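The values are calculated or read from the model by the stated rules, or taken from the named source; none is laboratory data. Just so it is clear, the model here is predicted, and its values are computed rather than measured. Neighbour counts are summed over all protein chains in view; Cβ atoms, including those assigned to glycine, are modelled from backbone coordinates with ideal geometry. The area values use the complete protein model at the heavy-atom level, side chains included, leaving out ligands, DNA and RNA. Shrake-Rupley method; radii C 1.70, N 1.55, O 1.52, S 1.80 Å.
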Amino acid sequence: MIETIAQVQMPVDEKLSIRRQRLRADAKKDSGNRICIVTGIHGDELEGQYVCYETGRRILENPHYLTGTVDIYPALNPFGIDSVTRGIPAFDLDMNRIFPGRKDGDMNEYLAAEILHDMEGAGLCLDIHASNIYLTEIPQIRINELFKETLLPYAKLSNVDFIWVHGASTVLESTFAHSLNSRGVPTLVVEMGVGMRITKEYGDQLVDGIFSLMKEQGIWSGPVDRVRTPVVSERADDVCFLNAPVSGVFLKQKSHNSMVKKGECIGVIINPLTLEPACEIRAPESGLLFTIREYPIVDEGSLMGRIICNAPVVSSFL
Amino acid sequence: MKEQTVFEIKALYRDDFRVKGYTFGSGEKSLCIVGSLRGNENQQLYACSLLVQKLKKLEEEGRIAGGKEILVIPCANPYSMNIKKRFWSIDNTDINRMFPGYSEGETTQRIADGIFKNIKDYEYGIQFASFYMPGAFVPHVRIMKFMDYVEQAKEFGLPYVILHDVRPFDTTTLNYNWQVWETKAFSIYTTSTETIDKKSAGQAVEAVLNFMEKEKMIRYCGDEGYHSRVVDSSRMLTLRTKDAGFFECHVQPGERVEKGQLLARVLQPYDGACLSELLAPEDAVVAFLHNEAMTYADTAAFKLIMERADEIR
């Protein structure tokens, strides 16, 4: 059943609506548990579109296994998705910095407040992002250390390749996930693939994880695939960042999800105008290259990749 | 006046990215003024250019106090200004959400770091700031609540000193980080952002010179300005639009309005019918107004300083 959870009138003959698809078990089988699958806060991140569809499709294929409620929110920022815009068009505002919102606030604050209100009481929520248009990521879950104890067990069931527990930051308090976690709804932030594209393989992997979580939550009684064991990074120095030392055109030589050795060449930065010798980008440490730059133009400082270097599971690979 | 390049990055096909600073006087780091941080802050850059002219003249006349150094950085983001883009050209990040910066980080973190290293040791910091919502303001100086230098904020002689609460996203702004590094930081808001408003730019420059004179950085005899009224931003009254449509505004920023006075009408965009009117609920001064042709519903169209609101001090 499609329901509108918030709506505002636009100036010229249009309503902006936030809608969800609710798939609910028959009353006799309903455990009362609920999971929310959320995406589209950033309008140019589309990986979650396929995940929403495929999750719903599999449920509708075998509805008799459904023993709870699955709420699918494919577009929290419909204008952003329509206009290939990360933020909220017309406001130049990152929607993931306006939570928890205010019911008596402006249009965006109101929508944020209504979205959170609608999800309160759910047993679990997944907020699916797609890196951005510049970087490709392996399927991963990012956890604010403040919520580590609650979220890590769920993240391990999600069938992702990597779990990154990162430090708390005041500025992140205005994110959707932080706000919902603070209200007692465990919320996992998924990052995978690349902006403006859909990586079906990653989508299928995450959907398998969602069914595993649904089973754990008592929302799904059907068979589920065994989930993979993720690399877990909990220390700040587990992750090395590769930032461009010069501006230019980055040509990657390694794909994401590659194991790299210290000193190995990951890519080069070339300058098609000056024809200077290419600047080689070498791995500062051995480890798993979990992020690689897709968009070739780099300014000095642009992020080109990230390596998990010290996590225990990675060490065993090397 | 000494010109210096505060920070520089080499680009692929564009001229080098340069942040320039102008130093007046020499000695202890007394005051730093920063103009535009975003590509649409034309008014903030314009105000800085007027200030540079004034300080240059004062220096030539020997009226900068001995042992005092003043640094002006008119523009921290020439790249975005030149392509008329509000945020950073390639990745749309906001330099004013990157402070204190990080020298090994991403581009705008490096820019923030490169600037902040040069300005963090000043006793006073002033930013010509713009608001996150499109609109026009009554000129004022803004400081974060619970700072102990409200009296010094009054030295600008602007009509209002506005105290505001710190929100999570403030923690990465220049103003916030200046305070963390023990610089007394002020944000000066003039009427406009993208368009040049000569009157309020001139008022802002006069305000900075007043402050500098009172802090004995310069010898200057200008317009004393106002006896500032201190207002807590949380006690300003916000009037929101009930409907979406054309926004027909009937007042100006800074205007004194009476209870029941028509402030704006929202019109149906196809047939021009009046959908709703916004009336002043009390006698007040218009501190902020929405100034775009159209409005959404629930938009903060006006912020009013109530005539009867208690003074903070």
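One line per residue, one yes/no per condition, for (1) farther than 15 Å from A:Leu289 by Cα; (2) assigned to a strand (DSSP E or B); (3) within 16 Å of the chain's Cα centre (by Cα):
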residue	(1), (2), (3)
A:Val165	yes, yes, yes
A:Glu173	yes, no, no
A:Pro223	yes, no, no
A:Leu242	no, yes, no
A:Lys254	no, no, no
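Among the numbered conditions (1) surrounded by fewer than 19 Cβ atoms within 10 Å (Cβ to Cβ); (2) more than 14 Å from chain A (Cβ to nearest Cβ); (3) of a type in the set (Asp, Glu), tell me where B:Asp170 comes up short.
(2)
Go through segment A:87-134 and give me each residue that's of a type in the set (Asp, Glu), open to solvent by less than 40 Å² (accessible area, probe 1.4 Å) and within 14 Å of another protein chain (Cβ to nearest Cβ).
If the condition is that a residue be of a type in the set (Asp, Glu), open to solvent by less than 40 Å² (accessible area, probe 1.4 Å) and within 14 Å of another protein chain (Cβ to nearest Cβ), then A:Asp106, A:Glu114 are the ones that fit.
Can you pull out the residues in segment A:11-60 that are assigned to a strand (DSSP E or B), open to solvent by less than 40 Å² (accessible area, probe 1.4 Å) and more than 19 Å from A:Leu116 (Cβ to Cβ)?
A:Leu23
Kindly indicate whether any position in segment B:181-195 is in a helix (DSSP H, G or I) and assigned by TED's automatic domain parsing to the domain that holds B:Ala112.
Checked segment B:181-195: no residue is in a helix (DSSP H, G or I) and assigned by TED's automatic domain parsing to the domain that holds B:Ala112.
Within segment A:28-53, which residues are in contact with a strand residue (DSSP E or B) (Cβ under 6 Å, 6 or more places away or on another chain) and closer than 14 Å to A:Glu191 by Cβ? First the steps, then the outcome.
Of segment A:28-53, the ones in contact with a strand residue (DSSP E or B) (Cβ under 6 Å, 6 or more places away or on another chain) are A:34-39, A:45, A:47-48, A:51-52.
Within segment A:28-53, A:Val38, A:Thr39, A:Glu45, A:Glu47, A:Gly48, A:Val51 qualify.
Here's a check for you: in segment B:116-132, which residue that is under 13 Å from the mean Cα position of the chain (by Cα) and open to solvent by less than 30 Å² (accessible area, probe 1.4 Å) is farthest from B:Ser233 (Cα to Cα)?
B:Gly125
Have a look at B:Gly39, B:Gly27 and point out the one that is small (Gly, Ala, Ser) and in contact with a Gly (Cβ under 7 Å, 6 or more places away or on another chain).
Sole residue among the options that is small (Gly, Ala, Ser) and in contact with a Gly (Cβ under 7 Å, 6 or more places away or on another chain): B:Gly27.
If you scan segment B:93-113, which residues turn out to be more than 9 Å from chain A (Cβ to nearest Cβ), under 22 Å from B:Asn40 (Cβ atoms) and assigned to a helix (DSSP H, G or I)?
B:Ile95, B:Asn96, B:Ala112, listed by residue number.
Can you pull out every residue in segment B:80-92 that is open to solvent by less than 20 Å² (accessible area, probe 1.4 Å) and more than 9 Å from chain A (Cβ to nearest Cβ)?
Within segment B:80-92, just B:Ser80 meets the criteria.
Filtering segment B:262-285 down to residues that are touching a Lys or Arg at 6+ places or on another chain (Cβ under 8 Å) and not in a strand (DSSP E or B), which residue is nearest to the other protein chains (Cβ to nearest Cβ)?
Residue satisfying both the conditions and the ranking: B:Pro281.
If only one of B:Phe246, B:Phe288 is within 14 Å of chain A (Cβ to nearest Cβ), open to solvent by 50 Å² or more (accessible area, probe 1.4 Å) and at negative phi, which one is it?
B:Phe246
If A:Arg142 satisfies every condition in (1) more than 22 Å from A:Glu3 (Cα to Cα); (2) among the charged types (D, E, K, R); (3) touching a Gly at 6+ places or on another chain (Cβ under 6 Å) but one, which is the exception?
All conditions are met except number (3).
Residues in segment A:70-86 that are of a type in the set (Asp, Glu) and either open to solvent by less than 30 Å² (accessible area, probe 1.4 Å) or within 12 Å of chain B (Cβ to nearest Cβ) (or both): how many?
Qualifying residue count, segment A:70-86: 1.
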